[in-house]
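Bear in mind that the values in this text are calculations on the coordinates, not laboratory data. Computed from a predicted structure; not experimentally measured. Every residue, glycine among them, receives a Cβ derived from its backbone with ideal geometry; neighbour counts consider all protein chains shown.
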There are 2 protein chains.
Amino acid sequence: MPTPRKTYSVAESGAFVEVMELEPYASGPLDGLRFAVKDLFDLGGYKTGCGNPDWARTHPVAATNAVCVDQLLLAGARCVGKTVCDELAFSLDGENVFYGTPLNRRAPERVPGGSSSGSAAAVACGLADFALGTDTGGSVRVPASNCGLFGLRPSHGLISVAGVNPFAPSFDTVGLLAASADILALAAAVLLSCQVPDGVEPAAVHLIKEAWEIADPEVREALAPALARLRRLWGARVRETSMRLIDREAPESGLKTWYQNYCTIQWSEIWSSLGSWIEAVNPEFAPRTRVNFELTRTLDRRQIGSAIQRREEYCRALQEFLGPGVLLCLPTTPALAPLKLTLGLDRTSTSQAGYYPRTLALTAIAGLGRLPQVTLPLAEAGGVPLGLSLLAAHGNDAFLLSAARLLAEGF
Amino acid sequence: MPTPRKTYSVAESGAFVEVMELEPYASGPLDGLRFAVKDLFDLGGYKTGCGNPDWARTHPVAATNAVCVDQLLLAGARCVGKTVCDELAFSLDGENVFYGTPLNRRAPERVPGGSSSGSAAAVACGLADFALGTDTGGSVRVPASNCGLFGLRPSHGLISVAGVNPFAPSFDTVGLLAASADILALAAAVLLSCQVPDGVEPAAVHLIKEAWEIADPEVREALAPALARLRRLWGARVRETSMRLIDREAPESGLKTWYQNYCTIQWSEIWSSLGSWIEAVNPEFAPRTRVNFELTRTLDRRQIGSAIQRREEYCRALQEFLGPGVLLCLPTTPALAPLKLTLGLDRTSTSQAGYYPRTLALTAIAGLGRLPQVTLPLAEAGGVPLGLSLLAAHGNDAFLLSAARLLAEGF
């Protein structure tokens with residue numbers, strides 16, 4: 001993939017809310033690497049702003065680093081700054097009215113994607129080798145895809161979220177963005193305390209039929225060469241599979257109803273996590289953020305029971321279907337990164353050809369399933385980057401990272 | 001087991017910080033059952049006090065219920081009140097200088113155990129059929145054992161913690177206390193969205209040698225009849241197994257060094273979660289609580305890396321050893337509930353025959369391993385209740401609850 005052809009300044013990148021240097025504690029596998037940190041993670045001695053000035057104003061300075069930040073400093077990496085994110089992490093856009101829109105280096109007229117927007121811009125602009133993001137509903141995977149980066153959403157529960165602001169805890173994960181599969185694997189191995197093996201071959205790779213169908217034709221077309229490489233690499237083990245084979249209770253309507261199920265759980269948890277602060281402080285939000293939180297406040301919480309029930313049935317079906325060597329494969333996003341300032345107020349609407357419902361339908365496959373997912377920057381359409389995603393069984397992150405590294409080689 | 005011989009009043013129980021009635025939203029499997037909620041869970045319209053008056057004073061009223069509370073109300077249960085807990089959940093004692101010590105009904109001269117002390121007292125006194133607690137390092141299992149109740153610590157990550165105050169997120173779970181195995185299974189099935197099967201037989205039951213060795217002789221003696229029943233029930237499938245067979249990297253020194261490993265991760269996460277508030281507010285704490293938080297503030301965070309590394313090695317070893325039908329068995333606590341007002345200031349000391357280090361060494365087996373654990377009130381020593389614990393592989397909560405119900409039958 002193209003690497004930055006020029007040096008970008010911090011100001012040009014729009015990536016940072018604060019630039020600083022935190023020295024590594026020790027020498028280790030991440031020696032010499034610089035990382036940036038989404039402003040949802042605590043850095044001791046700094047305010048964690050979560051992308052909203054009223055949040056920063058009403059919260060104290062962090063007493064210490066998030067545990068995952070300490071893990072990286074202990075492994076030899078150097079922290080170079082705190083990055084812009086969408087307000088309280090509640091968006092896939094990357095347009096923050098208070099802190100600006102970080103640069104989508106390869107497609108400057110388009111949004112970088114969110115909510116880990118500044119983390120993506122920092123890496124894409126060469127100002128960091130990798131970056132910490134959080135991924136609840138796609139907040140690492142979407143900006144990685146939009147900006148042409150590798151991105152990891154790990155298995156839920158495996159990387160410590162201590163010192164990371166809670167959003168929707170049943171889905172919240174600490175993720176990574178990196179410019180290469182090697183650096184992604186190096187940093188992930190530290191956070192997951194695992195070793196990423198070399199040259200592991202998958203037993204099966206399932207192209208999820210409904211996920212490919214939901215994508216725009218231009219996305220499918222752009223990803224065709226990457227799929228061709230996948231087939232060359234893993235031959236007859238690559239097959240087309242319907243979600244209904246994995247989960248017999250999957251709705252006939254395909255993935256779109258998953259969006260609703262995911263949203264019910266996510267919105268109920270968001271209001272449980274942030275509603276008290278919002279009602280007490282009445283913070284200033286961007287109009288789109290206000291509408292989003294209104295959805296969580298007014299959710300009919302009687303839907304929680306059946307949504308969680310459905311989620312657990314799906315997880316149990318996945319557990320039976322996914323062996324240790326099995327991968328799922330899908331487009332990371334169903335559409336190109338939206339043009340800046342074009343996203344409407346109502347994320348539930350079908351404006352922008354249903355950008356939100358379709359994107360969340362794809363990201364919810366890993367989200368609801370607690371699965372790890374790696375997005376690889378293996379495609380572009382008219383210069384706009386697009387990611388291909390691999391997913392594995394819960395806990396099989398090392399295998400997944402190994403397979404992703406193999407697929408990325410020589411691309 | 002003995003059931004309450006008299007009715008206890010709310011005042012006698014010392015269990016509640018607030019009594020209220022939240023009607024069920026619907027009819028369901030928990031129709032007619034009353035539950036109490038540890039004051040670490042949000043109830044909409046009430047303050048969540050977390051056992052400390054300065055916490056209550058500096059936080060707003062909760063906007064809505066914790067997600068797990070809504071799950072129970074949707075399933076037909078009625079909420080009857082908020083219960084006393086140890087300050088910020090940081091204790092296994094159950095002695096709260098601000099809100100009093102909830103009654104250990106069967107051993108009134110002893111502590112109920114914490115931090116879900118009031119939840120245990122409410123159920124033991126017959127004022128609730130079951131209760132929500134949190135269990136990070138034993139906060140459901142220890143009070144259940146001390147008070148003669150059934151208790152569940154579920155697999156980490158399976159029950160929503162949204163609306164529950166974070167403490168050490170890598171270990172935090174939503175647990176249950178109940179007076180019978182049937183009610184425990186009913187309520188757990190709702191929260192876990194699973195069905196608890198009837199009459200499931202384990203393939204193997206491993207009595208963990210080091211865990212039994214760490215227990216006081218009087219505890220081993222008191223649990224002997226329960227073990228005899230276990231052997232009658234499951235015969236040759238019951239065997240003695242060393243932790244070193246499960247985890248070849250387990251220290252020769254046995255379980256005591258696990259205490260240190262567990263504490264490093266837990267303390268680092270506690271300071272990441274609560275340190276900012278403590279430094280900003282300088283709250284009034286009980287002397288013992290202040291000492292505890294001082295341990296988390298002054299921890300050498302350079303230990304985090306190796307502690308997490310060791311934890312993940314252990315989890316991977318467990319994953320290989322524990323099949324779907326395999327149980328581990330150990331005493332829930334290594335000693336009887338301490339007499340009231342006898343616990344010293346320093347939890348790391350070996351006073352009280354090392355009550356904390358030994359207890360956490362036992363509770364850390366599930367904690368570090370992300371495993372579900374059920375404690376069964378199958379024993380007593382001189383009238384003081386003692387629990388026997390069964391553990392299963394991560395995600396095998398339904399099987400574990402089924403086995404626990406079978407073992408409890410007729411006892």
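Points worth noting:
- Relative frequency of Cα-Cα separations exceeding 32 Å in region A:204-408, percent: 21
- When chain B is treated as a Gaussian network with alpha carbon springs shorter than 10 Å, the biggest mean-square fluctuation among B:Arg347, B:Arg34, B:Arg358 belongs to B:Arg347.
- Choice from B:Ala181, B:Ala353, B:Ala226 with maximal GNM fluctuation in chain B (Cα, 10 Å cutoff): B:Ala353
- Reference-scaled alpha-carbon Rg (2.2 N^0.38 Å with N residues) for region A:189-243: 1.42
- Shielding by partners - mean other protein chain Cβ count within 10 Å, residues of B:156-169: 6
- Between A:Glu313 and A:Glu221, the FRET efficiency estimated from the beta carbon spacing at R0 = 41 angstrom works out to 0.75.
- Gyration tensor (Cα) of region B:10-192, equivalent ellipsoid semi-axes in angstrom: 20, 19, 16
- Relative contact order, whole percent, for chain B stands at 19, derived from Cα pairs under 8 Å and 6 or more residues apart.
- Cross-link pairs B:Lys38/B:Lys209; B:Lys6/B:Lys38; B:Lys6/B:Lys82 - those with Cα-Cα distance over 27 Å: B:Lys38/B:Lys209
- Working from Cα pairs under 8 Å separated by at least six residues, relative contact order for region B:10-192 is 24 percent.
- Debye intensity ratio in log₁₀ form over the Cα atoms of region B:134-202, taken at each q of 0.12, 0.15, 0.19, 0.22 Å⁻¹: -0.32, -0.50, -0.78, -0.99
- Inter-label distance for B:Glu18 and B:Thr257, nm, one decimal - labels placed 7 Å from Cα along Cα-to-Cβ: 4.7
- Candidates B:Gln373, B:Gln266, B:Gln309: whichever shows maximal mean-square fluctuation once chain B is modelled as a Gaussian network with Cα springs under 10 Å: B:Gln309
- Cα-Cα separations in the protein assembly as shown greater than 39 Å, expressed as whole percent: 34
- Residue exposure sequence - B:Trp277, B:Trp271, A:Trp55 - by fewest surrounding Cβ within 10 Å: B:Trp277, A:Trp55, B:Trp271
- DSSP loop GluC sites (Glu not before Pro) with at most 14 other Cβ within 10 Å excluded, longest remaining stretch of chain B: B:110-248
- Prolate/oblate/rounded label for chain B (Cα gyration tensor, a/c 1.5): rounded
- Helix content alone sets the calculated 222 nm mean residue ellipticity of the protein assembly as shown: runs of n ≥ 4 DSSP H residues at -39500 (n - 2.57) each, divided across all residues, give -11500 deg cm²/dmol.
- Whole-Hz couplings from phi, Karplus 6.51/-1.76/1.60, listed for region B:37-46; x for Gly and Pro: 10, 3, 6, 10, 9, 6, 10, x, x, 10
- Hits among aspartates and glutamates - C-alpha to C-alpha of B:Lys256 under 12 Å, sequence gap 8 or more where chains match: B:Glu210, B:Glu213
- Amide hydrogen proximity for A:Val238: with H placed 1.01 Å from N in the peptide plane, the residues at 5 or more positions away or on another chain lying under 5 Å are A:Val205.
- Region A:335-411-region A:52-103 distance, computed between alpha-carbon centres (Å): 22
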